[in-house]
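The values are calculated or read from the model by the stated rules, or taken from the named source; none is laboratory data. What you see is a predicted model, and the numbers here were worked out from it, not measured in a lab. Positions of Cβ are generated from backbone atoms using ideal geometry, with glycine treated the same way; all protein chains shown enter the neighbour counts. With ligands, DNA and RNA removed, areas are computed over all heavy atoms of the protein, side chains included. Shrake-Rupley method; radii C 1.70, N 1.55, O 1.52, S 1.80 Å.
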Amino acid sequence: MEDEAGGERGLRLALWTVCAVTIPVLITLWCSVRRSRRTGPAKDGKHCWRDTDLFGRPTYCSVCELHILRGFYCLCCGLCADEPCVWRAGRRYQCKEVMGRSEEPGGIGQSHHWVRGNVPLCSQCMVCGQQCGSQPKLCDYRCIWCQRTVHDDCMEEHLKTENCDLGEFRNLIIPSNYLWTVKQLKRSKSQDFLKLISSSMGSSWTPLIVLANTRSGNNMGEDLVSEFKGLLNPLQVFDLSKTSPYKALQLCTMLPANAAKVLVCGGDGTVGWVLDAVDEMKIKGQENFIPQVAVLPLGTGNDLANTLGWGAGYAGEVPVEQILRNVMEADSVKLDRWKVQVTNKGYSLRKPKVLSMNNYFSIGPDALMALNFHTHREKTPLLFSSRLVNKAVYLFYGTKDCLIQECKDLDKKVELELDGEKISLPNLEGIVVLNIGYWGGGCRLWEGMGDEPYPLSRHDDGLLEVVGVYGSFHCAQIQVKLANPVRLGQAHTVRLILKSSRMPMQVDGEPWAQGPCTVTITHKTHALMLYHVGEQTDDDEDDDPSSDSDQDLQDPVNRDVDM
């Protein structure tokens with residue numbers, strides 16, 4: 001009887017576990033299907049409309065002025081309209097002008113662009129200081145450049161001819177007249193025309209280019225693109241599913257040298273994609289226009305973003321305005337980038353596989369989980385549109401490998417050399433080569449592990465940290481801080497020889513199955529990144545580059561060195 005009761009309890013527990021995993025997956029899949037069926041932005045030549053089933057706040061049609069629950073809104077200027085009025089709104093109202101003619105010779109003058117009604121909640125009039133938009137009707141105005149609001153009466157009395165200063169984010173915005181002026185000066189073949197224009201913008205002008213991967217993580221990229229287009233010049237915001245990073249970064253060549261900043265909205269893979277495009281700019285002689293890169297983490301792992309102080313994942317908890325403030329306040333640091341060369345054994349005529357590494361290289365159980373995840377995501381991409389679902393799938397494959405142990409006896413299959421010295425390996429299933437402080441979605445592998453005479457890990461010291469793991473269960477113990485990895489050493493050059501068998505490998509979350517080969521990891525270059533100095537725990541203080549005494553990390557004069 002006791003065995004039967006225990007069996008029933010185990011069955012109920014198993015059923016509850018299955019339900020707890022499958023119900024969120026089914027809900028996410030249903031939301032993804034609904035999202036895919038919704039119509040995307042519709043362009044009428046002026047506006048970029050997107051439909052919504054339910055506005056998040058009281059909204060009024062800009063044409064008929066009636067209260068509406070669903071309808072269309074413009075991604076760029078925020079104009080709202082119901083379905084019968086949307087085309088009339090497009091003909092009647094001008095959208096945000098991304099590139100317009102300057103009225104001043106060689107100047108970058110900017111006028112207010114007022115849109116009536118639907119002002120943000122709790123906004124204040126820039127003239128009288130009283131609350132705007134408090135009446136239940138279409139009323140009051142908002143400038144879509146400086147984001148200031150004003151009452152109808154105050155507008156008529158004070159602000160009909162006033163120029164716009166672009167507001168709080170003026171140092172990040174490319175004015176609508178800037179690119180037109182650049183184009184005219186290029187035609188006239190003026191010398192140092194960028195310096196002539198940028199002098200009128202001020203020395204603190206650091207225009208921001210936003211690169212968003214709309215397919216990363218929780219599929220928040222579309223909403224972020226809309227919000228950034230509303231706060232900045234829409235020409236500064238790119239959807240990486242439609243425009244390649246290299247093409248988008250060509251906008252940097254239209255800006256003053258060493259002035260541009262880039263905000264990458266996506267996972268670590270998206271950041272690596274953008275940094276590869278930056279390297280391509282260097283190869284093509286555009287070193288003077290290399291931007292500094294910040295990260296808004298939308299992916300599943302986000303270990304690089306975590307290392308640079310941008311957090312382990314963004315879920316909309318921070319307003320976009322605060323993100324822009326963080327970018328303006330961030331410090332410039334260097335990030336080591338590494339070349340991973342994979343040479344197949346016995347194929348001397350075949351070109352080696354060459355990859356770029358920012359985070360880590362690994363062989364073993366974590367690479368196997370990434371490979372299984374990647375394979376199934378390619379088959380059913382709609383299912384993998386949630387960070388929660390992605391981590392649940394990783395958990396499933398990790399649990400499966402604990403039972404099967406596909407990577408056992410790795411120490412008998414590989415040889416490891418650190419700076420030319422062969423390392424004796426214990427009975428391992430995996431090896432991880434680290435460039436940054438975090439691994440596996442926010443886990444530290446190197447700090448706080450005894451009295452070995454190794455320096456702390458840094459992402460700018462030209463050193464790699466190498467550790468080993470005993471298996472998937474050991475990886476899980478490390479994640480919850482119940483165990484430490486095996487320290488194998490630090491080195492400037494790492495060589496790993498896979499003598500036999502076929503093993504899973506990964507570089508920055510991009511996995512593949514690899515036969516016998518030699519993997520050589522050497523330093524490639526530095527990337528200019530932006531470090532967000534926010535609230536820190538005691539563990540974070542060691543990773544803060546601003547606490548380092550090396551002034552080269554902070555000195556913008558030296559930021560072109562080692563590029």
| task | With a 1.4 Å probe and every protein chain left in place, work out the accessible area per residue of segment 250-378 in Å², rounded to a whole number. | result | 35 Å²
| Computed label-point distance, nm, for sites PHE55 and SER203 using a 7 Å Cα→Cβ extension | 4.6 nm
| query | On the accessible surface of segment 325-368, probed at 1.4 Å, how many percent belong to carbon and sulfur atoms? | reply | 49 percent
| task | Please report, as a whole percent, how much of the solvent-accessible surface of segment 113-160 comes from carbon and sulfur atoms (probe radius 1.4 Å). | result | 43 percent
| Using mean Cβ contacts within 10 Å as the protection proxy, how do 476-483, 361-368 order, highest first? | 361-368, 476-483
| query | If you take the beta carbon distance between ALA257 and ASP223 as r and set R0 to 51 Å, what does 1/(1 + (r/R0)^6) give as a FRET efficiency, to the nearest 0.05? | reply | 0.95
| Using a Förster distance of 22 Å, how high is the FRET efficiency between GLU83 and GLN135, based on the Cβ-Cβ distance and rounded to 0.05? | 0.35
| Separation in nanometres of the label points that stand 7 Å from Cα toward Cβ, at ARG487 and HIS523 | 2.2 nm
| query | Considering amide H positions built from the backbone, and no H for Pro or chain starts, which residues 5 or more places from THR59, or on another chain, come under 5 Å of its amide H? | reply | ILE68
| remark: Check: C-alpha center segment 63-97 vs C-alpha center segment 276-339, spacing in Å is 35 Å
| field | Computed FRET value (nearest 0.05) for LYS345 with ASN288, which takes r as the C-beta separation and R₀ as 45 Å | value | 0.60
| query | Expressed as a whole percentage, what fraction of the accessible surface of segment 405-539 belongs to carbon and sulfur atoms when a 1.4 Å probe is rolled over the protein heavy atoms? | reply | 48 percent
| task | For segment 330-344, take each phi angle, set θ = phi - 60°, evaluate the Karplus expression 6.51 cos²θ - 1.76 cosθ + 1.60, and give the result in whole Hz per residue in order, putting x for glycine and proline. | result | 5, 9, 8, 9, 9, 10, 5, 10, 10, 9, 10, 10, 10, 10, 5
| said: Students often get this wrong, so check it: of LYS96/LYS229; LYS422/LYS499; LYS408/LYS524; LYS46/LYS247; LYS334/LYS524, which have C-alpha atoms separated by over 21 Å? | reply: LYS408/LYS524; LYS46/LYS247
| said: If packing is taken as the average count of other Cβ atoms within 10 Å, what order do 293-303, 324-334 fall into, highest mean first? | reply: 293-303, 324-334
